[in-house]
Amino acid sequence: MGSQGGFYQSKEFLDLVKSIGEARSKAEEDRIVLNEIETLKRRISEPDIPKRKMKEYIIRLVYIEMLGHDASFGYIHAVKMTHDDSLLVKRTGYLAVTLFLNEDHDLIILIVNTIQKDLKSDNYLVVCAALNAVCKLINEETIPAVLPQVMELLAHPKEAVRKKAIMALHRFYQKSPSSVSHLVSNFRKRLCDNDPGVMGATLCPLFELIARDVNSYKDLVISFVSILKQVAERRLSKAYDYHQMPAPFIQIKLLKILALLGSGDKQASENMYTVVGDIFRKCDSSSNIGNAVLYECICCVSSIYPNPKLLESAADVISRFLKSDSHNLKYMGIDALGRLIKISPEIAEQHQLAVIDCLEDPDDTLKRKTFELLYKMTKSTNVEVIVDRMIDYMISINDNHYKTEIASRCVELAEQFAPSNQWFIQTMNRVFEHAGDLVNIKVAHNLMRLIAEGFGEDDDNADTKLRSSAVESYLRILGEPKLPSVFLQVICWVLGEYGTADGMFSASDITGKLCDVAEAYSNDETVKAYATTALMKIYAFEIAARRKVDMLPECQSLMEELLASHSTDLQQRAYELQAVIGLDAHAVACIMPSDASCEDIEVDRDLSFLNDYIQEAIEKGAQPYIPESERSGMLNISNFRNQDHHEASSHGLRFEAYELPKPAVQSRIPQTLIASTEIVPVPEPMYPRESYQTTMPSIPSDAGSAELKLRLEGVQKKWGRSTYTPATSTSNSTSQKTVNGTSQGDGASTVSSMRETYDSRKPQVEVSHEKQKLAASLFGGSSKTEKRPATGHKAAKASSHVVEKSHVPKSSLEVASEKAAPAQQPPDLLDLGEPTATSTALQLDPFKQLEGLLDATEVASAVNGAPAASRSPDIMALYADTAAGIHNKNDADLLSGLSNPSVTNMPGTTAMPQVTQSSSKGPNPKDSLEKDALVRQMGVNPSSQNPNLFKDLLG
Amino acid sequence: IHFVLLISRQGKVRLTKWYSTYSKKERSKVLRELSGVILTRGPRLCNFVEWRGLKVVYKRYASLYFCMCMDPDGNELEILEIIHHYVEVLDRYFGSVCELDLIYNFHKAYYILDEILISGELQESSKRTVVRSVAAQDSLVEAAKEETGSTISNIIALAAK
């Protein structure tokens, strides 16, 4: 066989290959290839090309395609070639199409017919070529077209054909299990094929079948074991030997299958012990392939029901791997160690040195593998060192893909095993600082929650200390340039909540820093939003503490900028801030209670506190509320609605002319209001929930202010999105502000939107009540005691949420109900981030209704001709009343919750929580014994040479 | 196995075979990234690279890198030996194979690969069987050629009569 050039390659082709081989640069190569493509395009479509020439063209196309250029113009010619009678040409055609076409290519349909014909051919080589193409090209739709022929070929006299037929059937199974599910018994039959090649090929599909459904193949354990035994005893023909190993690839496949079958099945595993032990002994560990088989044995041993003797052999092999000079073997050793420590953690101990060596190795792959191992063996005793190492490594690499992975691992370990909160926060700070944009936003929320809720101990002092240390560290970190956005959000939030809490830093310090942040990261709206809200909180706390508030000049300029911001969210926050500053201490304390971020907020959905007021209004002759469904039949309103809906639904251009404004028929609306209704497009579509419409009838009567307000709304509707986001309420509140000028009305309306950020938790609380019920009914009372974690951190282990203790009963129930109904997302209690995302779900807050109420009172007073001055105290009183009402409601709920055993939100109330605590918490002799044992297992014994180095890492 | 690549030390592609579906863009990206990673790795490091959640096993023969990409839970040494198996078969077929053989007869390298791996699974682990079946195809091809040659000469002979 000529090694250079072929029999049938022209000089042209050789020249092409040569010139590409000599090309100095990629550009030169590209130029040559493009030239070639031009030539081929021209030549290939010439008529009457001799077959041999055509074949060469196709091979040249394959070459071009291989180099990464597009040769699609020639695909059709390759397809044509498969139709040829001569095997010589046909084979090239098949080769080309398998390389060119994906299984979903349009041209496949043109080949199916040929394949069908070829599968029936007398010449087995033709059949083989066709089967090769079948494996690559047949897709789900075309399986039925060739399936019967392939089935027939399973009994073909030639083993090469049977083998390929098996592989084709396997491919069908991968593509569409249902289409061949009735045929899987054929795989079992072929397992007994006389030819070892066919048997070996059959192991591939069987492996996959068993991986999907172990139980229906348990009966094959004996057969597999006996095959493996025969293979290991060299009963197969010499042709299958590979480097003096008897059929190692078949052995490996069999061991993989046995590992699946024996996993967690003592009886099946017992059948395997002898043969696996034999292989351990017989394997030649000097050759690569021998080691491959040994490695597979370890995998098998660590997967099946453990056997001490086999584990011992496995440990021996591992130590041989780790001591080897070959990096490959070290790598395999680390990997195998990771598998084995799940069963016998103590073996890690003997290999500490080797593991440390691998960690320091210049080889990146090996290092990563070692980190994977460390990740698996992390305990609360060694978490600090391991995570420290991981972060150091994370900082040193550039590969974002891996950085993300290792960052999330650090976070996971830190959440699970953190020895102290201080450490946890410091660790998270480092992770955020260096990979902040790569970690999940949830992690940031967890961190905020942890800081807010503290360690879960009843020790308030510790929590305060924690917070002030967090504040301190954040103030320091803010000095560094270029922090990731997520991290800044956390910082802003914490500074806002706790910046001034311990009195160490003055409000002007903190606000100054926050302004700096907003200025330095002016492109990041989320950060700016967080900073603004933080500023608001600081000022609110100052006001509530009855200190004098001086706004820094830079803060003032920031606010001015934000008030004119393009982002409605930022604008709203700025207005809220402005409004809050104008309020008195009492009101502010109610709106922004200090350190209350973890309190649940109750919302009275039925607005029952308004009942009296409504009653009164009705008695005075107001129209009762009519539900939307009943109203929609009415001509005039539906008219309006249609118009509104039209505008709302079509964001694109409107091509038909706008209707002339129709005079509204005033049947539905009180006489006094006609004037305004004509201009006011009934504002009701702005507020989607019915409950708001309780106050509906009185709103349009806001005649004085309506006109101006209306115009703003109109603008909003035309250009803004007509979804019901807080943006609408912003425009609403701002418009009111300009119109009313009364700070009270203003305050209340801003309160409403500001409150929204807090309220986002509310519906989830209700959901969790539902869940509690479900969980209680599913698991009974006992689930609670079992699931009750000892501390917040241990709770995180279960749900990966860090949960404060006062929430623990609930959260543990949440965990339970999560299991019961996995579709339901665990409520992220602290997710108070983007109000746009969250508050769309809840337009129901009492303050919004209050806003309507205020309007109503105003109007009422205006109608009554009462002096405007008398209004404000009324409103305030009303506001206070409702606020108090809410609080009362809250308390009442809590109290009623007490009678319900699943809710124990009140600290230290009944005996039950304490009982459950003592059963699972901390200084429990059994726990500590277990822990101690674990530590010993992992830990350093004096036997090791350099105990100091590893004490922290392994012990 | 997701794909098989042969890359020369200069980063030139010698053979590509894709068992999983990759678009043209992805393919060239894979090639670019992997040749960047693999060619820069020093000697005496291990032959495995973790890459996008998959593992790439590579082995260098003279100036040619053979790479196979596999699932993360596979047996790396086994893949390494499959590479070696392939190389041995190539060697047996070409008779002390060198890079030039593969450059000029890459289609034959494809045929041989097709006999060893089908849709990413090892189908035949006996070298002899592989070589025999490839040889059978070749001989048939030769026979067919001779046949056509002789019929043509027959026709010529007939025409000459």
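The values are calculated or read from the model by the stated rules, or taken from the named source; none is laboratory data. These numbers come from a predicted model, not from an experiment. Backbone-built Cβ (ideal geometry, glycine too); neighbour counts: all protein chains shown.
Could we say that B:THR21 is out of contact with any Gly (no Cβ under 9 Å at 6 or more places or on another chain), closer than 24 Å to A:LEU137 by Cβ, within 8 Å of chain A (Cβ to nearest Cβ) and among the β-branched types (Val, Ile, Thr) here? When the stated conditions are applied, B:THR21 passes them. Taking the criterion of being touching a helix residue (DSSP H, G or I) at 6+ places or on another chain (Cβ under 7 Å), of a type in the set (Phe, Trp, Tyr), surrounded by 15 or more Cβ atoms within 10 Å (Cβ to Cβ) and at pLDDT 85 or above, would at least one residue in the stretch A:229-240 satisfy it? For the stretch A:229-240, residues touching a helix residue (DSSP H, G or I) at 6+ places or on another chain (Cβ under 7 Å), of a type in the set (Phe, Trp, Tyr), surrounded by 15 or more Cβ atoms within 10 Å (Cβ to Cβ) and at pLDDT 85 or above: absent.
Conditions (1) surrounded by fewer than 20 Cβ atoms within 10 Å (Cβ to Cβ); (2) among the hydrophobic types (A, V, I, L, M, F, W, C); (3) more than 9 Å from chain B (Cβ to nearest Cβ); (4) more than 23 Å from A:PRO205 (Cβ to Cβ), marked per residue:
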{"site": "A:THR82", "(1), (2), (3), (4)": "no, no, yes, yes"}
{"site": "A:ASP106", "(1), (2), (3), (4)": "yes, no, yes, yes"}
{"site": "A:ASN113", "(1), (2), (3), (4)": "yes, no, yes, yes"}
{"site": "A:GLN116", "(1), (2), (3), (4)": "yes, no, yes, no"}
{"site": "A:LYS120", "(1), (2), (3), (4)": "yes, no, yes, yes"}
{"site": "A:ALA129", "(1), (2), (3), (4)": "no, yes, no, no"}
{"site": "A:ALA133", "(1), (2), (3), (4)": "no, yes, yes, no"}
{"site": "A:ILE138", "(1), (2), (3), (4)": "no, yes, yes, no"}
{"site": "A:LEU147", "(1), (2), (3), (4)": "yes, yes, yes, no"}
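Table: residues versus (1) in a helix (DSSP H, G or I); (2) surrounded by fewer than 17 Cβ atoms within 10 Å (Cβ to Cβ); (3) more than 22 Å from the chain's Cα centre (by Cα).
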residue: A:ALA354; (1), (2), (3): yes, no, yes
residue: A:TYR375; (1), (2), (3): yes, no, no
residue: A:ASN398; (1), (2), (3): no, yes, yes
residue: A:THR404; (1), (2), (3): yes, yes, no
residue: A:CYS410; (1), (2), (3): yes, no, no
residue: A:PRO419; (1), (2), (3): no, yes, yes
residue: A:THR427; (1), (2), (3): yes, no, no
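Tell me, please, whether a residue that is out of contact with any Ser or Thr (no Cβ under 8 Å at 6 or more places or on another chain), over 25 Å from A:VAL112 (Cα atoms) and either within 14 Å of another protein chain (Cβ to nearest Cβ) or in contact (Cβ under 8 Å) with a residue 24 or more places away in the chain (or both) can be found in the stretch A:177-188. Yes, the stretch A:177-188 contains at least one residue that is out of contact with any Ser or Thr (no Cβ under 8 Å at 6 or more places or on another chain), over 25 Å from A:VAL112 (Cα atoms) and either within 14 Å of another protein chain (Cβ to nearest Cβ) or in contact (Cβ under 8 Å) with a residue 24 or more places away in the chain (or both). Just give me the residues in the stretch A:39-56 being closer than 13 Å to A:PHE13 by Cβ and among the basic types (Lys, Arg), in sequence order. Of everything in the stretch A:39-56, those that are closer than 13 Å to A:PHE13 by Cβ and among the basic types (Lys, Arg) turn out to be A:ARG43, A:ARG52, A:LYS53, A:LYS55. Restricting attention to the stretch B:104-143, the residues being under 15 Å from the mean Cα position of the chain (by Cα) and basic (Lys, Arg) number 2. With respect to A:ASP284, determine if the residue is away from every other protein chain (no Cβ under 14 Å) and either surrounded by fewer than 24 Cβ atoms within 10 Å (Cβ to Cβ) or farther than 21 Å from A:MET332 by Cβ (or both). In short, no. A:LEU131 meets the stated requirement of being assigned to a helix (DSSP H, G or I) and either basic (Lys, Arg) or within 18 Å of A:LYS158 (Cα to Cα) (or both).
Of all residues in the stretch A:295-307, those that are crowded, with 24+ Cβ neighbours inside 10 Å, more than 7 Å from chain B (Cβ to nearest Cβ) and assigned to a helix (DSSP H, G or I) total 4.
Of A:VAL214, A:VAL225, which residue is away from chain B (no Cβ under 11 Å) and within 37 Å of the chain's Cα centre (by Cα)? None of the others qualify; the one that does is A:VAL214. Residues in the stretch B:34-80 that are at pLDDT 85 or above, acidic (Asp, Glu) and either in contact with a Ser or Thr (Cβ under 9 Å, 6 or more places away or on another chain) or farther than 20 Å from A:PHE321 by Cβ (or both): B:ASP71 only.
Candidates in the stretch A:564-593 are the residues that are in a helix (DSSP H, G or I) and of a type in the set (Gly, Ala, Ser); of these, the one that is surrounded by the most Cβ atoms within 10 Å (Cβ to Cβ) is A:ALA574. Taking the numbered list (1) farther than 28 Å from A:GLU140 by Cβ; (2) more than 9 Å from chain B (Cβ to nearest Cβ) in turn, A:ILE59 passes all entries but (2).
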